[in-house]
Amino acid sequence: MSSSLHNRVIDAVGTHIVDGHTPAGTVMLSEQIERAQGVSRSVVREAIRVLAAMGLVESVKRVGIRVRPQSGWNAFDPVLIRWRLAGAGRGAQLRSLTELRASVEPMAAELAAQHCPQAMSGELMTVAAQMRTVGRSGDLERFLALDIHFHRLVLHGSGNEMFAKLDEVIAAVLSGRTGLGLMPAHPHETALQWHVDVADAIQGGHPVRARESMELIMRRTIAEVEESWVHTARIFF
């Protein structure tokens, strides 16, 4: 099976569902997808299996492939997040993820200051220093990689396995924010300093300072991107 064909079908069907072009309740047939995408039955079958795991569709015997409502979607799937950030659901997705980060990351930083292994906290300090240098240079691609690594270390350093499992979700929103042009060409000096402050507090074992410094980062993040969702209605299931 061609991996590229498989991924193309997943993207084509998935993005149409996420953008609302194929609304909840719609019944699709494998034969229709085969003809529309020009692929074999086996490719469609595997693509539908992946989309079903994401909560987007369900196979109903003697009916077809039915699109599920948004309440059934796996909201933490990184691919689904990428689709929403690139489509009509951008504002709602950014808001949900940013609010999630603002709730989780300060606590993760506080826990990391209490429990983070020395080697990990030392690496965090190194990454924070590199972020400052790279941020000043304007290399957003390299800065993004460091930013993702920084926040992943904080989550994992908390010693909370559920926080750690959010690393790909947060990587997706950081990547999406950069890809959508919502990052300044040169990150603010104060934000760069706050990252250093978080790392220093974690390495020094200062939980309150670690939390407060991360809260400053999160509040700055909200201020920079909230314009993208200010007119977006909230979703209630």
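The values are calculated or read from the model by the stated rules, or taken from the named source; none is laboratory data. The structure presented is a predicted model; accordingly, all values stated were derived computationally and were not measured. Here Cβ is always computed from backbone atoms with ideal geometry, including for glycine, and neighbour counts include all displayed protein chains.
Applying the criterion of at least 3 residues that are in the same structural domain as L100 (by TED's automatic domain parsing) and either of a type in the set (V, I, T) or closer than 20 Å to R90 by Cβ (or both) to the helices (runs of 4 or more DSSP H) found wholly in the range 149-214 leaves 167-179, 189-204. Looking at R66, is it at pLDDT 95 or above, more than 28 Å from I170 (Cβ to Cβ) and basic (K, R)? In short, yes.
Go through G181, G176 for me and flag whichever is modelled with pLDDT under 95 and crowded, with 18+ Cβ neighbours inside 10 Å. Don't jump to the end; show me each part of the working.
On the way: G181 fails: crowded, with 18+ Cβ neighbours inside 10 Å.
Going through G181, G176 in turn, the sole match is G176.
Comparison of S103, S30, S42 shows that the only residue that is within 30 Å of H151 (Cα to Cα) and hydroxyl-bearing (S, T, Y) is S103.
A Cβ distance below 8 Å, combined with a sequence gap of six or more or placement on separate chains, defines the contacts here; from the range 186-210, residues that are at negative phi reach residues that are surrounded by 14 or more Cβ atoms within 10 Å (Cβ to Cβ) and hydroxyl-bearing (S, T, Y) in the pairs W194/S213; D197/S213; V198/S213; A199/S121; A201/S213; I202/S121; Q203/S121. Do we find that G38 is free of Cβ contacts under 8 Å to residues at least 40 places away in the same chain, buried (at least 17 other Cβ atoms within 10 Å of the Cβ) and not aromatic (F, W, Y) in this structure? No: the conditions fail for G38.
Looking at the range 60-70, which of its residues are free of Cβ contacts under 8 Å to residues at least 40 places away in the same chain and surrounded by 14 or more Cβ atoms within 10 Å (Cβ to Cβ)? Full working, then the answer.
Looking only at the range 60-70, we keep the residues that are free of Cβ contacts under 8 Å to residues at least 40 places away in the same chain, and these are 60-65.
Residues satisfying the conditions are G64, I65.
Over 20 Å from the mean Cα position of the chain (by Cα) and either small (G, A, S) or under 18 Å from I81 (Cβ atoms) (or both): does that describe A172? Steps first, answer last, please.
Details: over 20 Å from the mean Cα position of the chain (by Cα): no; either small (G, A, S) or under 18 Å from I81 (Cβ atoms) (or both): yes.
Criteria not met by A172.
Evaluating D11 against the criteria (1) surrounded by fewer than 16 Cβ atoms within 10 Å (Cβ to Cβ); (2) in a loop (DSSP other than H, G, I, E, B) leaves one unmet condition, (2).
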